[in-house]
1. Take Glu138 and Ser238, extend 7 Å from each Cα along the Cα→Cβ direction, and tell me the distance between the two endpoints in nm.
2. Could you give the size of the charge dipole of segment 146-202 about its Cα centre, using +1 on the Cβ of each K and R and -1 on the Cβ of each D and E, expressed in debye and rounded to the nearest 20?
3. Take the alpha carbon gyration tensor of the chain, find the square roots of its eigenvalues, order them as a ≥ b ≥ c, and report rounded if a/c is under 1.5; if not, report prolate when a/b exceeds b/c, else oblate.
4. Return the distance in nm (one decimal) between the two label points of a simple spin-label model at Asp43 and Ser22, each offset 7 Å from Cα along Cα→Cβ.
5. Give the lysines whose C-alpha is closer than 18 Å to that of Lys17, dropping any in the same chain fewer than 8 places away, or say none.
6. Taking +1 at the Cβ of each Lys and Arg and -1 at the Cβ of each Asp and Glu, which of Leu278, Gln268, Gln135 sits farthest along the dipole of the chain towards its positive end, judged by Cα position relative to the Cα centre?
7. Pull up all non-local amide H partners of Ala217: gap of 5 or more, or a different chain, and H-to-H distance under 5 Å with H placed in the peptide plane.
8. Considering the chain as a Gaussian network with a 10 Å cut-off on Cα pairs, which listed residue, Arg41, Arg164, Arg186, attains the greatest mean-square fluctuation?
Amino acid sequence: MLKRTVLFDSHLEAGAKMVDFSGWEMPIHYGSQMEEHHAVRQDAGMFDVSHMTVVDITGPGARDYLRFLLANDVAKLKTPGKALYTAMLNPQGGVIDDLIVYNLPGDDYRAVVNCATRDKDLAWMQEQTNGYEVQVKERPDYAMLAVQGPNAIAKTCAVGGQQRAAVIESLKPFQGAEAYDWFAARTGYTGEDGLEIMVPADQAPALWRQLLDAGVAPCGLGARDTLRLEAGMNLYGSDMDETISPLAAGMGWTLAWDPATRNFIGRQALEHQKAEGLGQKQVGLVLESRGVMRAHQKVIVDNIGEGEITSGTFSPTLGYSIALARVPAATGDTASVEIRGKQHPVKVVRPPFVRHGKAVL
C-alpha cells in the first residue's frame, strides 16, 4: 500500500493528479506542469516534500561522527543554523545518498535525506555510530513544505505572522533557524530563492491553505524535476547512485579534502580515483533543434567515445531541451545525442542552465 503525507487530502482538494513516487502517493501536477514551473520562476510555488526524511543527530559525539560519515565537513558550519550540502559515501566512493545537514544549537545537527533511500540511509547511519556518543533519530512528527520563487519569502512571511517573519527575514542563503514552532531554512531544489519549512505535521494542512490563499501556486513532482534540472541539480538514482563517484557526478565541490588528517568514509577510494584519473565527467547538454533528450539516450563524441544522458527534459524557461550526461573526460564543446535512431548535434555546457529565472548559457 502506498504511503501518504498529511497533505494528501489537501492535494486532492487542489485538483492534483497523484502518482506512485518511491512508494508514496504524491502529486505529479495540479492541471498544468508548465504553469507550475513558470509560477516558481516568476512568482511563488509550493511543494509538499513531507515524504523526505528528517533526521536529528544529537549527543556529544555528533560532530565527530558526522565528520567521519559525510564527505563534506560539518566543521565548516560556524554560523548558527548554517546548512551544508554533502554526500554520504560507501567505502568504494559511491554515493549512498545526497543530503543537506544543518547545525543546531548545542552542537546538534539535523539532516534531510531522500525518501527513496530512507531505509538504507537510516540503517547505514545507525551502523556508523559505533564508537561515537551519538543518537540518530528520525522525526516523522514533522511535515515539510518547500516554498520557492522570487516572491516566496515575502508571501510566507505574510502568513507566518510578525514574529516568524522576523526570523525568516534574517536568514541568509543556506541557513535555517527555529521560527517558533517552525524550522525554516533558506534552501531549495529549484534554483530560485525560497524556503524549506518543517512544521508539526498537524499544522501542515492549515499552512498549506494559508499559502494557497496568499497566491502561492501548488506544484507537483513534474515541475520540481524541470526546475531542478534547469538549475543543474542532481537527482539521486538518476545522476548518481552507489556505483557512481561524486567526482564523476559533478559533485567534486562537495568533497572537503582539508584537513588531510580527517578520515571520512570513501576518502581512500576517492584519493585513488583522483590519482589514477577519471575516465568520465558530468556535463550539461543543450539541444536547440526539435526533439527532447531523455535519460539513457546515447551521447556520441566523435573520435573520443560514448556517454549517456542521466537526466533530460524540455526546459520551459529556455524553450528547448536540456540534459545532464556522463561523457568521456576528453569531451569538448560538441557532441551528438541519439534520439529515435537519429543523431542530433548538441552543445556541451557547464550547468546550471538557468539561475534566478534567467538563462546563464
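FYI, it's all coordinate maths here, none of it is from the lab. The shown structure was predicted, so the numbers you read here are calculated from the model rather than taken from an experiment. All Cβ positions, glycine included, derive from the backbone under ideal geometry; neighbour counts span all protein chains shown.
1. Distance between the two pseudo-spin positions: 2.5 nm.
2. I would put it at about 140 debye.
3. Because a/c hits 1.5 or more and a/b fails to exceed b/c, the chain counts as oblate.
4. Calculated label separation equals 3.0 nm.
5. Result set, ordered by chain and number: Lys3.
6. Farthest towards the positive end: Leu278.
7. Placed amide hydrogens put Ala44, Gly45, Met46 under 5 Å from Ala217.
8. Its mean-square fluctuation being the largest, the pick is Arg164.
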